[in-house]
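What follows is a short report on a single structure.
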Amino acid sequence: SQKIEQNSEALNIQEGKTATLTCNYTNYSPAYLQWYRQDPGRGPVFLLLIRENEKEKRKERLKVTFDTTLKQSLFHITASQPADSATYLCALDIPGNKLVFGAGTILRVKS
Amino acid sequence: DAGITQSPRHKVTETGTPVTLRCHQTENHRYMYWYRQDPGHGLRLIHYSYGVKDTDKGEVSDGYSVSRSKTEDFLLTLESATSSQTSVYFCAISSAQITDTQYFGPGTRLTVL
């Protein structure tokens with residue numbers, strides 16, 4: 001079955017720095033990969049989607065890369081702010097037309 | 001939360017009792033999903049629906065059933081709740097393909113004593 005690995009340890013960074021989160025997967029190669037943000041006590045919120053034939057996608061301070069050879073996606077937040085503190089989940093499609101989510105990485109941005 | 005509500009938001013129940021969680025959407029989206037979220041496991045798909053009265057199992061469907069009699073409502077039933085079903089349950093919707101962007105509800109925290 002598809003396995004998704006995200007850093008289980010929280011990432012602590014200083015305000016203004018770039019945060020980089022990793023999503024690694026095994027087995028099946030997805031057609032696309034999504035990133036979501038989740039705040040405590042709330043449901044995940046969609047951020048970005050990147051397709052297998054796209055190497056990079058940007059939205060404001062966010063950037064996602066997708067390396068199908070390494071089976072890895074990187075999620076970057078530039079000029080990070082305390083308000084960016086949250087859990088970030090990656091999700092990818094698997095056979096049978098379903099999405100599988102990673103367990104998420106907690107990001108803490110300190111001022 | 002993209003026109004999705006869940007009820008109740010919190011529930012405490014006892015082992016062996018049936019429990020029904022409700023998801024209601026105002027977006028007229030075709031697909032609806034139920035997930036559970038537990039520490040270290042992330043979101044796991046329980047059941048999903050691809051239309052009225054059309055449902056299918058997800059990764060962790062044992063002990064759960066669903067029904068969808070209207071486009072806007074998707075019910076999740078725990079037939080006989082167990083302590084292992086203590087979790088946070090999220091409903092999600094998507095408009096087109098099953099793997100399109102999903103929009104999540106606020107969640108229901110269920111505790112089974």
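A few points about this structure:
- For the criterion of being of a type in the set (D, E) and surrounded by 15 or more Cβ atoms within 10 Å (Cβ to Cβ), B:E72 passes.
- Just so you know, in region B:37-57 the residues that are in contact with a Lys or Arg (Cβ under 8 Å, 6 or more places away or on another chain) and without any contact (Cβ under 8 Å) to a residue 24 or more places away in the chain include one that is nearest to the other protein chains (Cβ to nearest Cβ), and it is B:L45.
- The strands (runs of 3 or more DSSP E) falling completely within region B:10-90 include none with 3 or more residues that are at positive phi and out of contact with any Ser or Thr (no Cβ under 6 Å at 6 or more places or on another chain).
- Taken over region A:82-111, the criterion of being surrounded by fewer than 13 Cβ atoms within 10 Å (Cβ to Cβ) and more than 25 Å from B:Y35 (Cβ to Cβ) is satisfied by A:P82, A:A83, A:K110, A:S111.
- Inside region B:8-19, residues that are away from chain A (no Cβ under 14 Å) and either exposed (fewer than 14 other Cβ atoms within 10 Å of the Cβ) or more than 12 Å from B:L110 (Cβ to Cβ) (or both) make up a count of 7.
- Number of residues in region A:50-82 that are closer than 20 Å to A:E5 by Cβ and touching a Phe, Trp or Tyr at 6+ places or on another chain (Cβ under 9 Å) equals 11.
- Taking (1) touching a Cys at 6+ places or on another chain (Cβ under 7 Å); (2) aromatic (F, W, Y); (3) surrounded by fewer than 18 Cβ atoms within 10 Å (Cβ to Cβ) in turn, A:Y28 satisfies each apart from (1).
- Members of region A:18-77 that are aliphatic (A, V, I, L, M) and assigned to a strand (DSSP E or B): A:A19, A:L21, A:L33, A:V45, A:L47, A:L48, A:L49, A:I50, A:L62, A:V64, A:L74, A:I77
Coordinate-derived values only; no laboratory data. Given the structure is predicted, the values throughout are model-derived calculations rather than measurements. All Cβ positions, even for glycine, are placed from backbone atoms using ideal geometry, and neighbour counts span all protein chains on display.
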